[in-house]
(Lines give C-alpha, C1' and ligand atoms only; values in the text may rest on other atoms or scores of the structure.)
Protein backbone atom coordinates (compact mmCIF):
# COMPACT_ATOMS: atom_id res chain seq x y z
CA UNK A 1 0.00 0.00 0.00
CA UNK A 2 2.82 2.34 0.91
CA UNK A 3 4.48 1.70 -2.40
CA UNK A 4 1.24 2.40 -4.21
CA UNK A 5 0.69 5.67 -2.37
CA UNK A 6 4.25 6.78 -3.09
CA UNK A 7 3.68 6.23 -6.77
CA UNK A 8 0.17 7.60 -7.09
CA UNK A 9 -0.39 10.07 -4.27
CA UNK A 10 2.83 11.11 -2.55
CA UNK A 11 2.99 13.90 0.00
CA UNK A 12 5.48 16.34 -1.50
CA UNK A 13 7.23 18.76 0.82
CA UNK A 14 10.14 20.90 -0.34
CA UNK A 15 10.23 18.76 -3.49
CA UNK A 16 10.66 15.53 -1.53
CA UNK A 17 7.97 12.85 -2.10
CA UNK A 18 6.87 10.86 0.95
CA UNK A 19 4.86 7.68 0.53
CA UNK A 20 3.22 7.90 3.94
CA UNK A 21 1.02 10.74 5.10
CA UNK A 22 1.53 9.72 8.71
CA UNK A 23 4.35 11.66 10.36
CA UNK A 24 5.39 10.25 13.68
CA UNK A 25 6.73 11.85 16.80
CA UNK A 26 8.92 9.87 19.13
CA UNK A 27 8.03 11.31 22.54
CA UNK A 28 6.52 9.17 25.25
CA UNK A 29 7.88 5.76 24.23
CA UNK A 30 9.18 3.79 27.22
CA UNK A 31 11.93 2.05 25.22
CA UNK A 32 13.82 2.48 21.98
CA UNK A 33 13.02 -1.10 20.91
CA UNK A 34 9.30 -0.55 21.40
CA UNK A 35 9.50 2.74 19.56
CA UNK A 36 11.27 1.14 16.62
CA UNK A 37 8.58 -1.51 16.30
CA UNK A 38 5.82 1.10 16.43
CA UNK A 39 7.52 3.30 13.82
CA UNK A 40 7.88 0.38 11.45
CA UNK A 41 4.25 -0.63 11.98
CA UNK A 42 3.13 2.94 11.26
CA UNK A 43 4.79 2.94 7.85
CA UNK A 44 6.01 6.48 8.50
CA UNK A 45 8.75 7.97 6.35
CA UNK A 46 9.26 11.14 8.41
CA UNK A 47 9.70 11.31 12.16
CA UNK A 48 10.38 14.12 14.62
CA UNK A 49 13.10 14.17 17.24
CA UNK A 50 14.01 16.66 19.95
CA UNK A 51 17.49 18.11 20.43
CA UNK A 52 18.90 17.62 23.93
CA UNK A 53 22.21 17.33 25.73
CA UNK A 54 24.20 14.28 24.73
CA UNK A 55 24.43 11.62 27.39
CA UNK A 56 26.51 8.48 27.05
CA UNK A 57 24.56 5.23 26.55
CA UNK A 58 23.68 3.65 29.89
CA UNK A 59 26.15 1.05 31.14
CA UNK A 60 25.11 -2.41 29.98
CA UNK A 61 22.98 -1.17 27.09
CA UNK A 62 23.40 -3.29 24.01
CA UNK A 63 25.37 -1.86 21.14
CA UNK A 64 25.32 1.87 20.65
CA UNK A 65 22.01 2.17 18.89
CA UNK A 66 20.53 5.57 19.48
CA UNK A 67 17.45 7.22 18.07
CA UNK A 68 19.26 8.79 15.10
CA UNK A 69 20.77 5.41 14.15
CA UNK A 70 17.37 3.75 14.54
CA UNK A 71 15.83 6.17 12.04
CA UNK A 72 18.76 5.91 9.62
CA UNK A 73 18.62 2.10 9.70
CA UNK A 74 14.93 2.17 8.81
CA UNK A 75 15.23 4.81 6.08
CA UNK A 76 13.03 7.21 8.01
CA UNK A 77 13.74 10.87 7.30
CA UNK A 78 14.43 12.86 10.45
CA UNK A 79 12.62 16.09 11.35
CA UNK A 80 14.30 17.88 14.25
CA UNK A 81 11.96 19.98 16.34
CA UNK A 82 12.34 22.93 18.68
CA UNK A 83 10.25 21.40 21.46
CA UNK A 84 10.77 23.10 24.79
CA UNK A 85 11.55 26.51 23.31
CA UNK A 86 9.63 29.49 24.69
CA UNK A 87 11.21 32.24 22.61
CA UNK A 88 12.19 32.80 18.98
CA UNK A 89 15.81 33.17 20.10
CA UNK A 90 15.84 29.71 21.72
CA UNK A 91 14.06 28.19 18.73
CA UNK A 92 16.64 29.62 16.30
CA UNK A 93 19.53 28.23 18.31
CA UNK A 94 17.85 24.82 18.64
CA UNK A 95 17.08 24.74 14.92
CA UNK A 96 20.71 25.51 14.10
CA UNK A 97 21.87 22.71 16.42
CA UNK A 98 19.44 20.31 14.74
CA UNK A 99 20.63 21.28 11.27
CA UNK A 100 24.27 20.84 12.24
CA UNK A 101 23.75 17.54 14.08
CA UNK A 102 21.34 15.85 11.69
CA UNK A 103 22.35 17.49 8.41
CA UNK A 104 18.88 18.59 7.34
CA UNK A 105 17.35 22.00 6.65
CA UNK A 106 13.95 20.75 7.77
CA UNK A 107 12.75 21.87 11.17
CA UNK A 108 9.49 21.50 13.02
CA UNK A 109 9.15 24.88 14.67
CA UNK A 110 7.52 24.80 18.08
CA UNK A 111 7.51 27.93 20.21
CA UNK A 112 5.45 27.28 23.26
CA UNK A 113 3.78 29.95 25.40
CA UNK A 114 3.70 28.08 28.71
CA UNK A 115 3.94 24.60 30.17
CA UNK A 116 0.30 24.38 31.19
CA UNK A 117 -1.28 24.78 27.77
CA UNK A 118 1.75 23.99 25.59
CA UNK A 119 0.00 26.23 23.05
CA UNK A 120 2.07 28.04 20.43
CA UNK A 121 3.05 31.63 21.21
CA UNK A 122 1.88 33.34 18.03
CA UNK A 123 4.14 36.37 18.33
CA UNK A 124 7.32 34.37 18.87
CA UNK A 125 6.23 31.86 16.22
CA UNK A 126 5.92 34.56 13.56
CA UNK A 127 9.29 36.05 14.46
CA UNK A 128 11.00 32.65 14.47
CA UNK A 129 9.44 31.58 11.16
CA UNK A 130 10.65 34.73 9.44
CA UNK A 131 14.18 34.37 10.82
CA UNK A 132 14.47 30.65 10.05
CA UNK A 133 13.22 31.08 6.48
CA UNK A 134 15.83 33.82 6.02
CA UNK A 135 18.49 31.36 7.18
CA UNK A 136 17.44 28.78 4.62
CA UNK A 137 15.44 26.44 6.81
CA UNK A 138 12.39 24.56 5.57
CA UNK A 139 10.00 25.46 8.34
CA UNK A 140 7.19 23.17 9.46
CA UNK A 141 5.33 25.64 11.62
CA UNK A 142 3.37 24.21 14.54
CA UNK A 143 0.52 26.65 14.99
CA UNK A 144 -2.78 27.28 16.69
CA UNK A 145 -5.87 26.29 14.72
CA UNK A 146 -6.14 29.92 13.63
CA UNK A 147 -6.80 30.39 9.89
CA UNK A 148 -5.38 33.92 9.95
CA UNK A 149 -2.14 32.93 11.63
CA UNK A 150 -1.74 29.82 9.44
CA UNK A 151 -1.97 31.94 6.32
CA UNK A 152 0.51 34.47 7.71
CA UNK A 153 3.01 31.68 8.39
CA UNK A 154 2.67 30.47 4.82
CA UNK A 155 3.20 34.01 3.52
CA UNK A 156 6.35 34.25 5.65
CA UNK A 157 7.70 31.23 3.78
CA UNK A 158 6.78 28.20 5.90
CA UNK A 159 7.17 24.95 3.91
CA UNK A 160 4.20 23.44 5.74
CA UNK A 161 1.75 24.62 8.37
CA UNK A 162 0.82 22.36 11.24
CA UNK A 163 -2.36 23.42 13.02
CA UNK A 164 -3.16 21.63 16.25
CA UNK A 165 -6.26 19.49 16.65
CA UNK A 166 -6.14 19.96 20.42
CA UNK A 167 -3.38 20.77 22.93
CA UNK A 168 -0.36 18.45 22.92
CA UNK A 169 -0.91 15.14 24.67
CA UNK A 170 -4.60 15.66 25.41
CA UNK A 171 -5.96 13.13 22.93
CA UNK A 172 -9.07 15.30 22.60
CA UNK A 173 -9.16 14.98 18.83
CA UNK A 174 -10.02 17.87 16.51
CA UNK A 175 -11.74 20.53 18.61
CA UNK A 176 -12.45 22.95 15.78
CA UNK A 177 -12.98 21.07 12.51
CA UNK A 178 -14.37 24.19 10.89
CA UNK A 179 -11.13 26.09 11.42
CA UNK A 180 -9.07 23.18 10.11
CA UNK A 181 -11.21 23.09 6.96
CA UNK A 182 -10.80 26.83 6.55
CA UNK A 183 -7.03 26.58 6.93
CA UNK A 184 -6.91 23.80 4.32
CA UNK A 185 -9.13 25.68 1.89
CA UNK A 186 -6.82 28.70 1.80
CA UNK A 187 -3.41 27.02 2.04
CA UNK A 188 -1.03 26.50 -0.88
CA UNK A 189 1.52 24.61 1.25
CA UNK A 190 0.86 21.22 2.87
CA UNK A 191 -1.34 21.32 5.98
CA UNK A 192 -0.37 18.77 8.59
CA UNK A 193 -2.74 18.20 11.50
CA UNK A 194 -0.50 18.07 14.54
CA UNK A 195 -1.23 17.35 18.20
CA UNK A 196 -4.32 16.31 20.06
CA UNK A 197 -4.98 13.10 18.13
CA UNK A 198 -6.36 10.39 20.41
CA UNK A 199 -7.40 7.52 18.20
CA UNK A 200 -7.66 6.37 14.61
CA UNK A 201 -10.94 8.13 13.80
CA UNK A 202 -9.37 11.50 14.72
CA UNK A 203 -6.66 10.96 12.10
CA UNK A 204 -9.19 9.84 9.51
CA UNK A 205 -11.25 12.96 10.20
CA UNK A 206 -8.19 15.18 9.74
CA UNK A 207 -7.61 13.68 6.33
CA UNK A 208 -11.31 13.92 5.42
CA UNK A 209 -11.19 17.62 6.32
CA UNK A 210 -8.52 17.94 3.64
CA UNK A 211 -5.30 17.86 5.63
CA UNK A 212 -2.31 16.59 3.67
CA UNK A 213 -0.88 14.60 6.56
CA UNK A 214 -1.17 13.90 10.26
CA UNK A 215 1.54 14.11 12.91
CA UNK A 216 1.13 12.27 16.18
CA UNK A 217 3.20 10.70 18.92
CA UNK A 218 1.51 10.06 22.27
CA UNK A 219 -1.54 8.44 20.66
CA UNK A 220 0.77 5.63 19.60
CA UNK A 221 3.61 5.65 22.10
CA UNK A 222 1.30 5.80 25.11
CA UNK A 223 -1.34 3.40 23.75
CA UNK A 224 -1.64 0.07 25.54
CA UNK A 225 -0.44 -1.67 22.38
CA UNK A 226 1.64 0.86 20.44
CA UNK A 227 2.32 -1.43 17.48
CA UNK A 228 -1.37 -2.21 16.96
CA UNK A 229 -2.28 1.47 17.35
CA UNK A 230 0.43 2.44 14.84
CA UNK A 231 -1.14 0.04 12.34
CA UNK A 232 -4.55 1.54 13.08
CA UNK A 233 -3.25 5.03 12.28
CA UNK A 234 -1.52 3.84 9.15
CA UNK A 235 -4.84 2.59 7.80
CA UNK A 236 -6.86 5.51 9.17
CA UNK A 237 -4.75 8.07 7.34
CA UNK A 238 -5.00 6.15 4.08
CA UNK A 239 -8.75 5.68 4.58
CA UNK A 240 -9.32 9.33 5.37
CA UNK A 241 -7.28 10.44 2.38
CA UNK A 242 -9.16 8.16 0.00
CA UNK A 243 -12.50 9.32 1.43
CA UNK A 244 -11.54 12.97 0.99
CA UNK A 245 -10.69 12.34 -2.65
CA UNK A 246 -13.69 10.11 -3.29
CA UNK A 247 -16.25 12.81 -2.51
CA UNK A 248 -18.66 12.00 0.28
CA UNK A 249 -22.44 12.07 -0.08
CA UNK A 250 -24.18 15.22 1.12
CA UNK A 251 -25.77 15.17 4.56
CA UNK A 252 -29.59 15.00 4.37
CA UNK A 253 -32.28 15.68 6.90
CA UNK A 254 -34.52 12.84 5.81
CA UNK A 255 -33.88 9.26 4.82
CA UNK A 256 -33.25 8.34 1.20
CA UNK A 257 -33.98 4.75 0.28
CA UNK A 258 -31.20 2.95 -1.51
CA UNK A 259 -33.53 0.22 -2.82
CA UNK A 260 -36.05 1.00 -5.55
CA UNK A 261 -39.68 1.05 -4.45
CA UNK A 262 -40.95 -0.11 -7.87
CA UNK A 263 -41.27 -3.79 -8.59
CA UNK A 264 -41.98 -4.85 -5.05
CA UNK A 265 -43.89 -8.18 -4.88
CA UNK A 266 -47.45 -8.04 -3.65
CA UNK A 267 -47.16 -9.81 -0.29
CA UNK B 1 42.62 22.95 38.07
CA UNK B 2 41.51 24.28 34.69
CA UNK B 3 37.90 23.55 33.92
CA UNK B 4 35.19 24.16 31.38
CA UNK B 5 31.42 23.81 31.59
CA UNK B 6 30.27 20.76 29.64
CA UNK B 7 26.51 20.29 29.29
CA UNK B 8 25.96 22.24 32.48
CA UNK B 9 28.57 20.42 34.60
CA UNK B 10 32.15 21.29 35.47
CA UNK B 11 34.63 19.31 33.39
CA UNK B 12 38.44 19.20 33.72
CA UNK B 13 40.39 20.80 30.90
CA UNK B 14 43.83 19.56 29.87
CA UNK B 15 45.93 22.22 28.18
CA UNK B 16 45.73 22.16 24.39
CA UNK B 17 42.56 20.06 24.19
CA UNK B 18 40.64 20.66 20.99
CA UNK B 19 36.90 20.57 20.61
CA UNK B 20 37.33 17.54 18.37
CA UNK B 21 39.11 15.64 21.15
CA UNK B 22 36.40 16.56 23.63
CA UNK B 23 33.61 15.37 21.31
CA UNK B 24 35.51 12.13 20.60
CA UNK B 25 35.91 11.50 24.33
CA UNK B 26 32.29 12.23 25.14
CA UNK B 27 30.82 10.18 22.28
CA UNK B 28 33.43 7.41 22.32
CA UNK B 29 33.85 7.75 18.55
CA UNK B 30 37.12 8.45 16.77
CA UNK B 31 36.81 11.56 14.61
CA UNK B 32 38.49 12.57 11.38
CA UNK B 33 39.82 16.13 10.95
CA UNK B 34 36.58 16.85 9.06
CA UNK B 35 34.64 16.15 12.25
CA UNK B 36 33.04 13.06 10.74
CA UNK B 37 33.40 9.71 12.55
CA UNK B 38 36.31 7.52 11.42
CA UNK B 39 33.92 4.53 11.34
CA UNK B 40 32.11 6.03 8.34
CA UNK B 41 28.81 6.46 10.20
CA UNK B 42 27.05 9.66 11.12
CA UNK B 43 27.69 11.23 14.50
CA UNK B 44 24.37 13.03 14.91
CA UNK B 45 25.87 15.57 17.28
CA UNK B 46 26.15 19.36 17.27
CA UNK B 47 28.24 21.61 19.45
CA UNK B 48 27.68 25.09 20.80
CA UNK B 49 30.59 26.95 22.36
CA UNK B 50 29.71 30.00 24.44
CA UNK B 51 26.27 30.06 22.79
CA UNK B 52 27.62 29.95 19.22
CA UNK B 53 27.42 26.92 16.95
CA UNK B 54 30.77 25.46 15.96
CA UNK B 55 30.44 23.52 12.67
CA UNK B 56 32.01 20.06 12.80
CA UNK B 57 34.56 21.08 10.17
CA UNK B 58 36.02 23.51 12.71
CA UNK B 59 36.13 21.23 15.74
CA UNK B 60 39.73 20.11 15.21
CA UNK B 61 40.92 23.70 14.77
CA UNK B 62 39.14 24.93 17.89
CA UNK B 63 41.23 24.85 21.06
CA UNK B 64 39.22 24.88 24.27
CA UNK B 65 39.81 27.77 26.60
CA UNK B 66 39.43 28.14 30.34
CA UNK B 67 35.76 28.49 31.39
CA UNK B 68 34.42 27.74 27.93
CA UNK B 69 30.74 26.84 28.06
CA UNK B 70 30.27 23.81 25.81
CA UNK B 71 26.96 22.19 24.91
CA UNK B 72 27.01 18.88 23.02
CA UNK B 73 23.54 17.94 21.80
CA UNK B 74 21.97 15.09 19.89
CA UNK B 75 18.59 13.77 18.78
CA UNK B 76 16.43 12.27 21.51
CA UNK B 77 12.82 11.13 21.67
CA UNK B 78 10.39 13.98 21.49
CA UNK B 79 7.70 15.76 19.56
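The values are calculated or read from the model by the stated rules, or taken from the named source; none is laboratory data. Quick caveat, the model's predicted, so the values are computed rather than measured. With ideal geometry, Cβ positions are generated from the backbone for all residues, glycine too; neighbour counts draw on all protein chains shown.
Of the residues making up the stretch A:85-131, just one is part of a strand (DSSP E or B), farther than 19 Å from residue B:46 by Cα and within 13 Å of chain B (Cβ to nearest Cβ), namely A:112.
The set of residues in the stretch A:40-53 that are crowded, with 23+ Cβ neighbours inside 10 Å, within 11 Å of another protein chain (Cβ to nearest Cβ) and either over 13 Å from the mean Cα position of the chain (by Cα) or farther than 18 Å from residue A:169 by Cα (or both) comprises A:50, A:51. Can you give me the number of residues within the stretch B:60-79 that are in contact (Cβ under 8 Å) with a residue 60 or more places away in the chain and in contact with a strand residue (DSSP E or B) (Cβ under 7 Å, 6 or more places away or on another chain)? Going through the stretch B:60-79 one residue at a time, the tally reaches 7. Looking across the stretch B:40-51 at every residue that is surrounded by fewer than 18 Cβ atoms within 10 Å (Cβ to Cβ) and more than 10 Å from chain A (Cβ to nearest Cβ), the one that is farthest from residue A:50 (Cα to Cα) is identified as B:40.
Per-residue answers, yes or no, for (1) buried (at least 21 other Cβ atoms within 10 Å of the Cβ); (2) out of contact with any strand residue (DSSP E or B) (no Cβ under 8 Å at 6 or more places or on another chain); (3) farther than 21 Å from residue B:56 by Cβ:
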{"residue": "A:67", "(1), (2), (3)": "yes, no, no"}
{"residue": "A:73", "(1), (2), (3)": "no, yes, yes"}
{"residue": "A:84", "(1), (2), (3)": "no, no, yes"}
{"residue": "A:95", "(1), (2), (3)": "yes, no, no"}
{"residue": "A:101", "(1), (2), (3)": "yes, no, no"}
{"residue": "A:108", "(1), (2), (3)": "yes, no, yes"}
{"residue": "A:112", "(1), (2), (3)": "yes, no, yes"}
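For the stretch A:153-166, give me each residue that is surrounded by 19 or more Cβ atoms within 10 Å (Cβ to Cβ) and under 18 Å from residue A:176 (Cβ atoms). Matches in the stretch A:153-166: A:153, A:161, A:162, A:163, A:164, A:165.
Any chance the stretch B:52-72 includes a residue that's modelled with pLDDT under 95, on the phi > 0 side of the Ramachandran plot and within 14 Å of chain A (Cβ to nearest Cβ)? Scanning the stretch B:52-72, I find no residue that is modelled with pLDDT under 95, on the phi > 0 side of the Ramachandran plot and within 14 Å of chain A (Cβ to nearest Cβ), so the answer is no.
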